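For reference, the structure discussed in these notes is given below.
The values are calculated or read from the model by the stated rules, or taken from the named source; none is laboratory data. Keep in mind that this is a model prediction, so the values were computed, not measured. Because the Cβ atoms are built from the backbone with ideal geometry, glycine has one as well, and the counts that use them run over all protein chains shown. Accessible surface is based on the protein model in full, side chains and every heavy atom, while ligands, DNA and RNA are left aside. Shrake-Rupley method; radii C 1.70, N 1.55, O 1.52, S 1.80 Å.
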Amino acid sequence: MTKEEIIIKLSTIVKPYIQNEEGFKNISEDTDFMNDLEINSANLVDIVLDVEDEFNIIIDNDSMDKMLTIKSVVEIIKEKQSSE
Amino acid sequence: MIGNDVVDLQLAETQSNWQRKGFLEKQFSLKEQHNILEAKNSFLRVWLFWSMKEAAYKCYTQQYEKRFFAPQKFVCKLISEHEGIVCFEGNEFYTTTFFDRSYVYTIATDTQKETSVFSSIGSPKTIDLDIKIKLEEETGISYKEIIQRKTPIGAPLYFHKDKLLTNSCSISHHGNYGAFAFMIEDEY
C-alpha cells in the first residue's frame, strides 16, 4: 500500500472525530491530530483501535506514544506491515 | 505546574464505547481495569481515571515540553472519591476531581504544597475571555491588554505586554464544556 492510499484510509478513520473542517480539507502527512484537526485526546484511543482493525496490525505502547500526526501513523503502519 | 481535564459525560457516552474491545487495555493498567470493572458505575470510573491521567499529562508536558500519547503509563491511585495520585516515570501528580451530573473535571498539580489555583468551568467558546477576566480581577490589569501566547507544544500562557502573568495554565474542552486552571506569578 502506498503512502497516499494509507492517508486516504486514515482520513475516513479520523473523520468522525474531527472538529476542524478546514484542517480536514487540507489533510496531509503533516497534519497533527490535535492541533490541526482538533481531535479530542479522549478519541485518540478510538483512532488507534480503528487503525488496528482497518490495517490488521497491533499497535504496541511504544508505537502508540508517537501517534500524534498522520506522518507518524503512516510510518507505524508501514513498519508493522513490512514486519509481518 | 497545573493541568486540567474536563469530560462531557454525554459526549463520552455517545462518542466512545468503553466496552469496545481493546479500549480499556490500551489506556489502563491491569489494576485500573479491575478497579473499573468492579466499580458501581464503571462508565464513570473510566472517565474519572481518564481525566486524572490527562490532567497529569498536561502538568507534565508543561515542564518537559514534549508531546506523546501514553495514557497507560500514567498510573492512577485513588485516595478518596475525589482525590488521587497519578504516577508517571517517577513523578507524582496530585489530583482533585469534581463530579457533576453532566461532567467530570480534574485538576492536577505537581506539588502537595498549598497553592492558589484559579479554575472554572464554562462554555468552550468563551474560555479565553473567561481567563482574561479572571486575570483582570486578580492583577488589576485590563482584560483588553492581556494576550495569550502558546509554548511550542501548545500550552497557553497569558501576558501583559512582555510580562508573564500566569506561571502555569491549562485549558481543556470537551463537548459543551470548557475549563481553565491557572496559577499566577507571585507578585500579584
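Structure above, values below:
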{"quantity": "Inter-site label distance for B:GLU13 and B:GLU89 at 7 Å from Cα along Cβ, in nm", "calculated": "3.8"}
{"quantity": "Buried accessible area, chains A and B (both chains, 1.4 Å probe, Å² to nearest 100)", "calculated": "1900"}
{"quantity": "Chain B, relative contact order in percent, only Cα pairs under 8 angstrom and at least six apart counted", "calculated": "28"}
{"quantity": "Dipole moment magnitude, nearest 20 debye, the protein assembly as shown about Cα centre, only Lys, Arg, Asp, Glu C-beta charged", "calculated": "200"}
{"quantity": "Between helix B:127-139 and chain B: long-axis angle, C-alpha atoms, 0 to 90°, nearest 10", "calculated": "50"}
{"quantity": "For segment B:35-140, size of Cβ-based charge dipole, Lys and Arg +1, Asp and Glu -1, in debye", "calculated": "440"}
{"quantity": "Calculated Rg and Dmax of chain B using C-alpha coordinates, Å", "calculated": "16.7, 52"}
{"quantity": "Using distinct alpha-carbon pairs, which all enter the 1/r mean, Kirkwood radius of chain A in Å", "calculated": "12.7"}
{"quantity": "Taking segment B:2-109 and dividing mean pair separation by its residue count, relative contact order in percent (alpha carbons under 8 Å, at least six apart)", "calculated": "37"}
{"quantity": "FRET efficiency, 1/(1 + (r/R0)^6) with R0 41 Å, evaluated for B:LYS31 and B:GLU138 via beta carbons", "calculated": "0.55"}
{"quantity": "Over the protein assembly as shown: helical MRE at 222 nm, DSSP H runs n ≥ 4 each giving -39500 (n - 2.57), nearest 500", "calculated": "-11000 deg cm²/dmol"}
{"quantity": "Nonlocal amide H pairs with B:ASN167, under 5 Å, H built at 1.01 Å", "calculated": "B:MET183, B:ILE184, B:GLU185"}
{"quantity": "Helix axis angle, A:44-55 relative to chain A longest principal axis, alpha carbon, degrees", "calculated": "50"}
{"quantity": "Charge tally in the Cβ shell below 13 Å around A:LEU49, where Lys, Arg are +1 and Asp, Glu are -1, A:LEU49 excluded", "calculated": "-3"}
{"quantity": "Under 5 Å, built H, 5+ apart or other chain: amide partners of A:THR31", "calculated": "A:ILE70, A:LYS71"}
{"quantity": "Set of segment A:1-43 residues, backbone N closer than 12 Å to the point 7 Å along the Cα-Cβ line of A:GLN81", "calculated": "A:1-10"}
{"quantity": "Separation in nanometres of the label points that stand 7 Å from Cα toward Cβ, at A:GLU29 and B:THR151", "calculated": "3.0"}
{"quantity": "Rounded percent of accessible protein surface that carbon and sulfur make up, segment B:117-184, 1.4 Å probe", "calculated": "51"}
{"quantity": "Residues of chain B: accessible area per residue with a 1.4 Å probe, Å²", "calculated": "51"}
{"quantity": "Segment B:37-142: translational diffusion in µm²/s, Stokes-Einstein, Kirkwood Rh over Cα pairs, 25 °C, 0.890 mPa s", "calculated": "160"}
{"quantity": "Segment B:8-59 - charge dipole about Cα centre, Lys and Arg +1 at Cβ, Asp and Glu -1, debye rounded to 20", "calculated": "120"}
{"quantity": "For peptides B:70-81, A:43-54, sequence by mean Cβ density within 10 Å, most packed first", "calculated": "A:43-54, B:70-81"}
{"quantity": "Volume in Å³ per residue [convex hull over Cα atoms, computed for the protein assembly as shown]", "calculated": "136"}
{"quantity": "Charge sum, other residues only, whose C-beta stays under 15 Å from B:LEU165's C-beta, Lys/Arg counted +1 and Asp/Glu -1", "calculated": "-3"}
{"quantity": "Local net charge near B:VAL86, Cβ-Cβ under 9 Å (Lys/Arg +1, Asp/Glu -1)", "calculated": "+1"}
